[in-house]
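**Q** This structure is in structure tokens; I'll ask about it shortly.
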Amino acid sequence: MAGTSIEWTRGEDGRPGKAWNPTTGCDKVSPGCGLPRFAGDATGGCYAMAMAWRLKAMSQAKYQADGDPRSSGPGFGLTVHPDVLTLPLHWRTPSRVFVDSMSDLGHARAGRGFLARVWATMAATPQHTYQILSKRPERMRRVLSSAEFQDQMQAALGQLAEDRQARHGRGAIQQAPPWPLPNVWLGTSIELDCYTRRAGELRATPAAVRMLSLEPLLGPLPSLDLAGIDWALIGGESGPAARPMDLGWARDLIALAQQTGTTVFVKQLGSRWAREHGGRGKASNWDDWPADLRIREFPDARGRQRMLRIPARRAGVRSTRPGTPPVKDPRCQLLTADTRGHLAERQDPSCKTTSASGTARPAAPRRRPGPGARLSSPAPSTGRCAPAGRAASARPPARPAGRSS
Ligand code: SF4
């Protein structure tokens with residue numbers, strides 16, 4: 001249990017969020033999870049799986065169960081951890097909490113009864129905001145839509161209150177929380193166009209805030225429908241073997257989000273972009289990015305209203321490879337304030353940016369790509385949606401890459 005440096009779990013004051021893993025381990029389901037299961041994706045993959053390999057070697061108790069070598073790995077077998085279920089009850093400071101950063105709560109081996117206890121803890125701690133991503137949104141829809149599950153959660157909530165009363169002499173736990181829980185943001189991940197159906201599953205699931213993680217973005221998403229989606233996270237893959245993300249794909253998604261009123265958070269441009277521009281890491285410092293991509297918005301806890309966050313640093317775009325990246329043109333920046341007085345910079349879509357060499361170029365196109373739209377290189381990593389069923393490689397990625405779920 002620890003804090004996490006993931007940018008989109010930070011609080012409004014910039015404080016890091018927390019990670020809470022009631023389950024650990026998983027099995028790969030699609031190319032965003034990387035090798036070994038998906039032929040054609042010889043690189044990248046689930047950072048959690050690579051990290052579990054190391055944590056097992058370090059004798060960490062939570063990472064001793066091995067997963068199926070065809071789809072998982074050492075230390076990454078799906079394991080439930082009832083002993084950490086009540087941890088958030090002890091966190092007094094309201095926090096954003098990334099649930100299952102090392103797993104996928106939608107995994108079939110996380111039983112409904114256990115999930116009901118996870119939801120009961122979240123219901124009992126309305127001071128926290130929980131962020132859940134799953135690449136198995138169809139199961140999440142089935143579970144969360146069922147009246148039986150709500151009854152199970154209610155029973156688990158009653159048990160929590162009894163335990164608290166017995167141990168601490170107090171049982172101040174809300175016993176009839178609204179449904180869906182207002183402090184739970186539910187999401188799914190989409191990396192390729194053939195997985196955009198996951199957004200439909202998410203739309204059909206009861207949730208106070210619906211979020212999409214479009215990371216690692218491995219291709220354009222011309223079929224994506226953002227209607228009913230509150231938050232879109234966009235990011236390129238990280239790690240030494242990261243697959244490329246074309247900035248045009250991200251720009252198309254930003255334009256689409258502006259049409260539907262979906263808040264957008266561009267997390268990182270990915271390790272390939274960083275290396276191509278003479279830098280290191282995963283290009284998560286937006287001071288280095290083209291100005292039109294520097295968008296980091298959070299949805300309001302009530303879902304629809306926009307709330308914008310001030311960037312950590314306001315310096316102009318720094319060129320890490322002289323001559324090519326654009327430099328910030330102050331005439332293109334719009335400063336906007338939300339109802340709480342928070343300020344944020346946005347790119348004026350009608351404006352032009354200027355390259356370091358002084359050549360003006362038009363602002364990013366703001367259009368929704370039609371079916372079969374052709375975007376600039378590189379080509380998507382793979383268009384395949386079905387697992388190849390290849391055997392696992394004997395070694396994990398050299399370093400954690402991509403992200404879980
Ligand atoms: S990326 Fe997510 S769904 Fe894929 S293996 Fe990792 S935890 Fe599981």
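The values are calculated or read from the model by the stated rules, or taken from the named source; none is laboratory data. Here the structure is a predicted model, which is why all the values come from computation and not from measurement. Cβ atoms come from the backbone with ideal geometry, glycine included; neighbour counts cover every protein chain shown.
**Q** Applying the selection to the stretch 258-272, what residues are of a type outside the set (D, E, K, R) and either surrounded by fewer than 22 Cβ atoms within 10 Å (Cβ to Cβ) or within 11 Å of ARG294 (Cα to Cα) (or both)?
**A** The answer is GLN258, GLN259, THR260, GLY261, VAL264, PHE265, VAL266, GLN268, LEU269.
**Q** Among the candidates LEU218, LEU224, LEU212, which residue alone is in contact with an Asp or Glu (Cβ under 8 Å, 6 or more places away or on another chain) and within 16 Å of the ligand (Cβ to nearest atom)?
**A** Matching residue, one of LEU218, LEU224, LEU212: LEU218.
**Q** If you go through the stretch 21-37 one residue at a time, how many are within 9 Å of the ligand (Cβ to nearest atom), assigned to a loop (DSSP other than H, G, I, E, B) and modelled with pLDDT of 95 or more?
**A** Qualifying residue count for the region: 1.
**Q** Quick one: which of GLN150, GLN159, GLN131 is out of contact with any Phe, Trp or Tyr (no Cβ under 7 Å at 6 or more places or on another chain), of a type outside the set (A, V, I, L, M) and farther than 24 Å from GLN64 by Cα?
**A** GLN159
**Q** Also, I was wondering about something else. Out of the stretch 239-280, which residues are among the charged types (D, E, K, R), modelled with pLDDT under 95 and assigned to a loop (DSSP other than H, G, I, E, B)?
**A** Scanning the stretch 239-280 gives ARG243, ARG280.
**Q** I've got another one for you. Does LEU78 fit the bill of being within 16 Å of the ligand (Cβ to nearest atom), closer than 17 Å to THR23 by Cβ, buried (at least 23 other Cβ atoms within 10 Å of the Cβ) and not small (Gly, Ala, Ser)?
**A** no
**Q** A further question on this structure: Here are some conditions: (1) more than 11 Å from CYS26 (Cβ to Cβ); (2) under 22 Å from the mean Cα position of the chain (by Cα). THR86 meets all but one. Which one does it not meet?
**A** Exception for THR86: condition (2).
**Q** Only one of (1) in contact with a Phe, Trp or Tyr (Cβ under 7 Å, 6 or more places away or on another chain); (2) surrounded by fewer than 20 Cβ atoms within 10 Å (Cβ to Cβ) is not met by ALA61, so which one is it?
**A** Failing condition for ALA61: (1).
**Q** Quick test for you: out of LEU212, LEU221, pick the one residue that is modelled with pLDDT of 95 or more, within 17 Å of the chain's Cα centre (by Cα), among the aliphatic types (A, V, I, L, M) and in a loop (DSSP other than H, G, I, E, B).
**A** LEU221
**Q** Test GLY73 against the stated conditions and say whether it is of a type outside the set (A, V, I, L, M), more than 27 Å from ASN183 (Cα to Cα), modelled with pLDDT under 95 and out of contact with any Pro (no Cβ under 7 Å at 6 or more places or on another chain).
**A** So GLY73 fails the test.
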